[in-house]
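Every read-out reported here was derived from the displayed coordinates using simple, explicitly stated rules and does not represent laboratory data. Quick caveat: nothing in here was measured; it's all calculated off a predicted structure. Here the Cβ positions follow ideal geometry from the backbone for every residue, glycine too, while neighbour counts run over all protein chains shown.
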Amino acid sequence: MRLLIGNIVALIASFIFVYSGILKKKNKILIAQGIQKGLSTISNIILKGYAGAVIHAISLVRNILCYYGKLNVLAKIIITILTVVLTIIFNNLGLIGIIPLVASFLYLWFMDTKDIVKFKYLLLYHGLFMI
């Protein structure tokens, strides 16, 4: 039953991720992503993918900071350190558990682009390795 519930929550998160790709404004994309990251965190906890849950939870905080214009270099450094340390601690999937770390790192450092097309490409890359 746990497996079914976890996968249903992940499916809903995936639909929201796809929906965020059709949005035209960065702030709306960040809101949709926030919902998606929250659901992905829950799904990963249910499915015992703790490294993914940690990355998604930190990603939710990152998106909130970006939405409110508070994602500065110091915040990026702190988020990067937290992401690396917590991934090392909670990674129970070996090398595959590192993939979300790389995707999150790249997204974090390039997400402040003003070009919506570049942002959507970044979103696509990030989503391919985080969902």
Notebook entry, point to check: Which condition number in (1) of a type in the set (A, V, I, L, M, F, W, C); (2) over 21 Å from residue 123 (Cβ atoms); (3) within 14 Å of the chain's Cα centre (by Cα) is the one that residue 78 fails?
Noted result: (3)
Next item on the list: Starting from the stretch 26-39, keep only residues that are touching a residue at least 60 places away in the same chain (Cβ under 8 Å), then list their pairs with residues that are surrounded by 20 or more Cβ atoms within 10 Å (Cβ to Cβ) and among the aromatic types (Phe, Trp, Tyr) whose Cβ atoms are within a distance under 9 Å, requiring at least 6 positions of separation or different chains.
Entry: 33/17
Checklist line | Contacts under 7 angstrom Cβ, first residue in the stretch 75-86 being within 16 Å of residue 100 (Cα to Cα), partner of a type in the set (S, T, N, Q), 6 or more apart | finding: 83/104
Margin query: Restricting to the stretch 1-33, name every residue that is under 12 Å from residue 46 (Cβ atoms) and surrounded by 12 or more Cβ atoms within 10 Å (Cβ to Cβ).
Written below: 5, 6, 7, 8, 9, 10, 13
Check: Can you name the condition, by its number, that residue 113 falls short on among (1) in contact with a helix residue (DSSP H, G or I) (Cβ under 7 Å, 6 or more places away or on another chain); (2) surrounded by fewer than 16 Cβ atoms within 10 Å (Cβ to Cβ); (3) touching a residue at least 12 places away in the same chain (Cβ under 8 Å)?
Finding: (3)
Check: Restricting the search to the stretch 88-104, which residues are surrounded by 17 or more Cβ atoms within 10 Å (Cβ to Cβ) and closer than 21 Å to residue 123 by Cβ?
Finding: 100, 101, 103, 104
